[in-house]
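Just below is one structure, and these are the notes that go with it.
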Amino acid sequence: MRAVIQRVSSSSVVIDGVCHGEIGKGANILVGIEEGDGDEDIEWLCHKIANLRIFDDADGVMNLSIRDIDGDILIISQFTLYASTRKGNRPSYIKAAKPDISIPIYEKFIERLENILGKQVKKGIFGADMKVSIVNDGPVTILIDTKNRE
């Protein structure tokens, strides 16, 4: 699994002209799933996100987690995180898992993150044409790949 975590002042997702999810201070997370991702990837990534210290403490040092600030999360499915641009100019998405594999993993990822945080996270709709707006705070943007844990 790959995730792009953006510290935000606010973020929202609009689908078919309707706001489907909106948050204030917290994290906008783009998540991509590849063949072979599973429960271990979900568990590791959820704990990493919940404990990642990317929010400023009273001294202006990134020393607080999303839990510490009781921040909100907006999750957006993003198969293009697995784009390969090695050959030609048209990205290949062959490494991205097909929907029959990725949808259940995406749903488990959301459910597990909600359980860890003890609160609901906002989300887009898997596979929908989404318009995502963010106000990146910092800017702070972190890329995490569960295949690079060690």
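The values are calculated or read from the model by the stated rules, or taken from the named source; none is laboratory data. All figures in this text were calculated on a predicted structure; none of them were measured in a lab. Cβ placement follows ideal geometry from the backbone for every residue including glycine, while neighbour counts extend to all protein chains displayed.
Restricting attention to region 36-80 and to residues that are of a type in the set (Phe, Trp, Tyr) and under 26 Å from SER12 (Cβ atoms), the residue that is modelled with the highest pLDDT turns out to be PHE55. Would region 88-102 turn up any residue that is in contact with a Lys or Arg (Cβ under 8 Å, 6 or more places away or on another chain) and touching a residue at least 12 places away in the same chain (Cβ under 8 Å)? There is no residue in region 88-102 that is in contact with a Lys or Arg (Cβ under 8 Å, 6 or more places away or on another chain) and touching a residue at least 12 places away in the same chain (Cβ under 8 Å). The set of residues in region 33-64 being acidic (Asp, Glu), crowded, with 20+ Cβ neighbours inside 10 Å and either in contact with a Cys (Cβ under 8 Å, 6 or more places away or on another chain) or not in a helix (DSSP H, G or I) (or both) consists of GLU34, ASP37. Consider region 133-149 and keep the residues that are crowded, with 18+ Cβ neighbours inside 10 Å and among the hydrophobic types (A, V, I, L, M, F, W, C). The one that is nearest to the chain's Cα centre (by Cα) is ILE144. The condition (being at negative phi, among the charged types (D, E, K, R), in contact with a strand residue (DSSP E or B) (Cβ under 7 Å, 6 or more places away or on another chain) and modelled with pLDDT under 95) is satisfied by just one residue among LYS131, LYS95, LYS123: LYS95. Cβ-Cβ distances below 7 Å connect the following pairs, each with a first residue in region 123-150 that is touching a residue at least 60 places away in the same chain (Cβ under 8 Å), a second residue that is among the β-branched types (Val, Ile, Thr) and not in a strand (DSSP E or B), and a separation of six or more residues or different chains: LYS123/ILE110; VAL140/ILE54; ILE142/ILE54. Considering only residues of region 28-54 that are touching a helix residue (DSSP H, G or I) at 6+ places or on another chain (Cβ under 6 Å) and aliphatic (A, V, I, L, M), which is nearest to ASP68 (Cα to Cα)? Among those that are touching a helix residue (DSSP H, G or I) at 6+ places or on another chain (Cβ under 6 Å) and aliphatic (A, V, I, L, M), it is ALA50. Number of residues in region 1-27 that are touching a helix residue (DSSP H, G or I) at 6+ places or on another chain (Cβ under 8 Å) and hydrophobic (A, V, I, L, M, F, W, C): the value is 5. Given the criteria modelled with pLDDT of 95 or more, of a type outside the set (Lys, Arg) and over 24 Å from HIS20 (Cβ atoms), does THR141 qualify? So THR141 fails the test.
Within region 64-76, can one find any residue that is over 17 Å from GLN120 (Cα atoms) and either touching a residue at least 60 places away in the same chain (Cβ under 8 Å) or in contact with a strand residue (DSSP E or B) (Cβ under 8 Å, 6 or more places away or on another chain) (or both)? Even if it seems obvious, please write down each step before you answer.
Just the residues of region 64-76 that are over 17 Å from GLN120 (Cα atoms), to begin with: 64.
Still in the running and either touching a residue at least 60 places away in the same chain (Cβ under 8 Å) or in contact with a strand residue (DSSP E or B) (Cβ under 8 Å, 6 or more places away or on another chain) (or both): 64.
Within region 64-76 (the criterion being over 17 Å from GLN120 (Cα atoms) and either touching a residue at least 60 places away in the same chain (Cβ under 8 Å) or in contact with a strand residue (DSSP E or B) (Cβ under 8 Å, 6 or more places away or on another chain) (or both)), the answer is yes, since at least one residue qualifies.
Screening region 111-150 for residues that are aliphatic (A, V, I, L, M) and in a strand (DSSP E or B) and picking the one that is farthest from VAL61 (Cα to Cα) gives MET130.
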